[in-house]
Amino acid sequence: MTTAAVWTPYDFYRDGEFSHCGIDAFHLARTPEGWRIAAIMYTVLRPQARCPESPLGPPGGPP
């Protein structure tokens, strides 16, 4: 069986205000039908954890 792992940082805004950040992780398995998600994991860091600033900036910023 072939497997793969993908992870990416994220930041989450609610009503335009920063809520939290963390890491999303996806574990994939290749089946005869194609790639399937085998597991999803995530972390949540509150603002006091000094989340790194998103390179995209806050929602609604310049395009």
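Structural remarks
- Qualifying trypsin sites (Lys or Arg not before Pro) for the chain [loop in DSSP, other Cβ within 10 Å: at most 15]: Arg50
- Positive-end extreme of charge dipole, the stretch 2-49 - chosen from Pro9, Gly34, Leu45 (charges on Cβ): Gly34
- Based on alpha-carbon atoms, the Kirkwood radius and the radius of gyration of the chain give Rg/Rh equal to 1.13.
- Placing +1 on the Cβ of every Lys and Arg and -1 on the Cβ of every Asp and Glu, with no other charges, gives the stretch 1-44 a dipole of roughly 260 debye about its Cα centre.
- Summed side-chain charge close to Pro59 - residues other than Pro59 whose Cβ falls under 13 Å, Lys, Arg +1, Asp, Glu -1: -2
- For the chain, the relative contact order works out to 31 percent when only alpha carbon pairs closer than 8 Å and six or more residues apart are counted.
Where a number appears in this text, it was derived from the coordinates with a stated rule and is not lab data. Not measured: the values here are computed from a predicted model. Glycine also receives a Cβ, built like all others from the backbone with ideal geometry; neighbour counts cover every protein chain displayed.
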